[in-house]
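Accompanying notes for the structure given below.
The values are calculated or read from the model by the stated rules, or taken from the named source; none is laboratory data. Model, not experiment: these values are computed from the prediction. When we count neighbours, we look across all protein chains shown, and the Cβ atoms used for this are built from the backbone with ideal geometry, even at glycine. We work out accessible area using only protein heavy atoms, side chains counted, and drop any ligands, DNA or RNA first. Shrake-Rupley method; radii C 1.70, N 1.55, O 1.52, S 1.80 Å.
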Amino acid sequence: MVPYLRPQDIIDILIMTILVYQLYSWFRNTRALQVVMGLGFLGILYVVTKNIGLLMTSWILQELGTVLFVLIIVVFQNEIRQALYRFSPLRAVFGKQEGGGRLDLLEVSSAVFSLAAARTGALIVFQRREQLDDFLLHGIPLDSLVSSQLLISLFEDGTPLHDGAVVVRDGRIAVASCHLPLSTNGDLPQYLGTRHRAAIGITERSDAVVVVVSEERGTVSLVVGGELTEVAKPEELTERLTHLFGPTVSEEPVKTIRRRLTSNLGAKLATLLLVVVSWLIITGRQGGIVTVTVPIKYHNLPDSLALRSSSPEEVEVQLKVFTSLTPSPKNLDIVADLDLARIREGNNELPVTSDNLQLPLGTVVASISPAKVKVVAQRKIRRELPIRLKKIPPVLRGMRIWLEPERVTVVGPEHLVSRLDAVETEEVDLRRVRENRVIEVKLVAPAPQVRILNDAPIYLRVMVERR
Ligand SMILES: Nc1ncnc2c1ncn2[C@@H]1O[C@H](COP(=O)(O)OP(=O)(O)OP(=O)(O)O)[C@@H](O)[C@H]1O
């Protein structure tokens with residue numbers, strides 16, 4: 001189905017694999033991923049039913065797909081907005097990374113473990129690069145420094161703000177008593193109640209880091225990327241938070257790259273397979289091969305050389321065409337433009353490649369025939385030749401005629417210029433000339449490739465001697 005694989009195709013597949021895998025890792029464990037999987041299944045079903053000719057089923061699936069697509073955009077607008085935000089290149093420039101330096105993590109750890117010891121439930125969300133506003137409900141805005149005492153008193157049972165989560169942003173407590181979205185991950189253990197599900201929910205939808213204290217069990221857990229891990233000691237929590245907020249990652253870059261490439265390898269390979277299959281289906285749906293006859297044009301011929309001959313004048317180009325993008329490449333003016341800057345005197349063979357063609361969007365060159373053109377170049381020479389009147393006109397008795405200047409310089413291919421013995425003027429009519437005259441005459445180029453290097457006018461002087 002695919003006769004060749006260009007380097008661009010490999011880049012194409014790799015880019016799509018990275019994008020799809022990124023999307024998958026961001027949507028993983030969210031409702032959106034399950035819906036996207038469901039849609040993917042419907043898509044596969046549609047392709048299968050269409051290909052085996054189940055007209056009604058494929059038609060219904062097609063119509064359903066359009067409706068579902070619109071519904072998904074409406075229902076998952078938050079997720080889509082977050083995903084687009086994550087893709088934005090401006091995020092790296094303007095997005096703020098929560099700095100561990102501005103936040104006293106020792107204060108946080110000490111508060112959290114005091115709360116755990118007192119069996120007071122707590123939920124602290126640390127905003128990192130991604131905005132959380134879309135996910136926060138009913139919060140009371142605050143703007144205060146993070147201190148152990150303040151955190152303890154915020155979660156103190158019976159106080160007005162103890163219910164819900166505290167959000168720490170830019171090293172300060174920004175919101176208290178706010179409601180977070182719950183995780184929809186059906187695989188979570190039964191014993192995790194809504195506080196823990198809320199902690200997991202916000203980290204599934206963003207890059208936030210959450211510390212959660214269980215009122216029932218007195219445990220402290222750290223939640224990142226939807227993964228919850230219990231932390232036993234305040235020092236461990238401080239260390240892990242420092243690592244999460246710290247700008248430096250102590251691992252060597254090579255190790256980090258290797259770890260990033262090999263982690264979650266199964267999902268990555270599955271994504272690659274999915275992209276390759278989709279790529280094969282999409283490229284397989286190209287509108288087939290179209291043959292176009294393309295004329296050859298030349299540029300950059302060195303000044304010292306002249307083109308003696310070239311063959312062929314045209315090449316046949318087979319194009320693979322995406323029909324949806326280019327309806328009829330036959331009607332397009334495609335020209336093969338060859339650069340002659342490097343040719344030498346004599347026979348030259350120039351390859352014709354897709355780089356020489358200006359192709360319309362959505363077309364790819366499958367083959368060019370012939371793939372080479374023969375160009376014979378010849379040295380240009382310069383000669384000074386006498387100027388000769390074309391057909392010496394009949395002159396009256398006593399009339400003298402001569403040309404000024406008498407000689408002119410020409411330049412052109414050696415085989416043409418070497419054969420010339422003069423450069424002729426156009427015809428001049430002297431029948432009515434009875435007295436002295438100066439007539440401007442024009443020179444005629446001996447051949448199209450021969451150039452006359454003369455800017456000054458040529459005069460025919462006529463002198464009539466009176467007796
Ligand atoms: N969506 C939410 N957003 C923020 N806080 C929430 C949310 N849902 C519940 N909470 C907090 O969790 C408390 C209820 O916790 P619940 O016992 O249901 O969860 P849990 O995970 O079992 O926690 P714990 O182990 O502390 O009991 C609520 O009083 C409220 O403070």
Practice problem: Determine which member of the set Arg260, Arg240 is out of contact with any Pro (no Cβ under 9 Å at 6 or more places or on another chain), open to solvent by 60 Å² or more (accessible area, probe 1.4 Å), modelled with pLDDT of 85 or more and closer than 28 Å to Gln131 by Cα. | Solution: Arg240
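What about Asp170, is it open to solvent by 30 Å² or more (accessible area, probe 1.4 Å), among the acidic types (Asp, Glu) and free of Cβ contacts under 8 Å to residues at least 60 places away in the same chain?
Details: open to solvent by 30 Å² or more (accessible area, probe 1.4 Å): yes; among the acidic types (Asp, Glu): yes; free of Cβ contacts under 8 Å to residues at least 60 places away in the same chain: no.
Spelling it out, it is not the case that Asp170 is open to solvent by 30 Å² or more (accessible area, probe 1.4 Å), among the acidic types (Asp, Glu) and free of Cβ contacts under 8 Å to residues at least 60 places away in the same chain.
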Practice problem: Could you check how many residues of the range 133-155 are in a loop (DSSP other than H, G, I, E, B) and away from the ligand (no atom under 12 Å from the Cβ)? | Solution: 2
Quiz prompt | Set Arg432, Arg419: member being modelled with pLDDT under 90 and not hydroxyl-bearing (Ser, Thr, Tyr) | solution = Arg432
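When you scan the range 410-442, how many residues do you find that are among the hydrophobic types (A, V, I, L, M, F, W, C) and open to solvent by 40 Å² or more (accessible area, probe 1.4 Å)? Can you show your working first?
Step one: list which residues in the range 410-442 are among the hydrophobic types (A, V, I, L, M, F, W, C), which gives 410-411, 416-417, 420, 422-423, 428, 430, 433, 438-439, 441.
Going one step further and asking which of them are open to solvent by 40 Å² or more (accessible area, probe 1.4 Å), we end up with 438.
Result for the range 410-442: 1.
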Quiz item: Using beta carbons and a limit of 9 Å, which pairs, at least six apart or on different chains, have the first residue in the range 123-142 and closer than 11 Å to Ser177 by Cα and the second one surrounded by fewer than 16 Cβ atoms within 10 Å (Cβ to Cβ)?
Solution: Leu136/His179; Leu137/His179; His138/His179; Gly139/His179; Ile140/Pro160; Leu142/Arg172
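Among the residues of the range 101-130 satisfying the criterion of being assigned to a loop (DSSP other than H, G, I, E, B) and not basic (Lys, Arg), which is surrounded by the most Cβ atoms within 10 Å (Cβ to Cβ)? Explain how you work it out, then say what you get.
Taking the range 101-130 first, the residues assigned to a loop (DSSP other than H, G, I, E, B) are 101-104, 118-121, 127-130.
In the following step, the residues that additionally are not basic (Lys, Arg) were identified as 101, 103-104, 118, 120-121, 127, 130.
Values: Gly101: 12, Leu103: 20, Asp104: 16, Ala118: 15, Thr120: 17, Gly121: 20, Gln127: 22, Glu130: 16.
Checking each candidate, the answer is Gln127.
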Self-check item: Lone qualifier among Met56, Met16 - being modelled with pLDDT of 85 or more, open to solvent by 60 Å² or more (accessible area, probe 1.4 Å) and within 29 Å of the chain's Cα centre (by Cα)
Solution: Met16
Exercise. Select from the range 357-374 the residues that are surrounded by 13 or more Cβ atoms within 10 Å (Cβ to Cβ) and of a type in the set (A, V, I, L, M) and write down the one among them that is modelled with the highest pLDDT.
Key: Val373
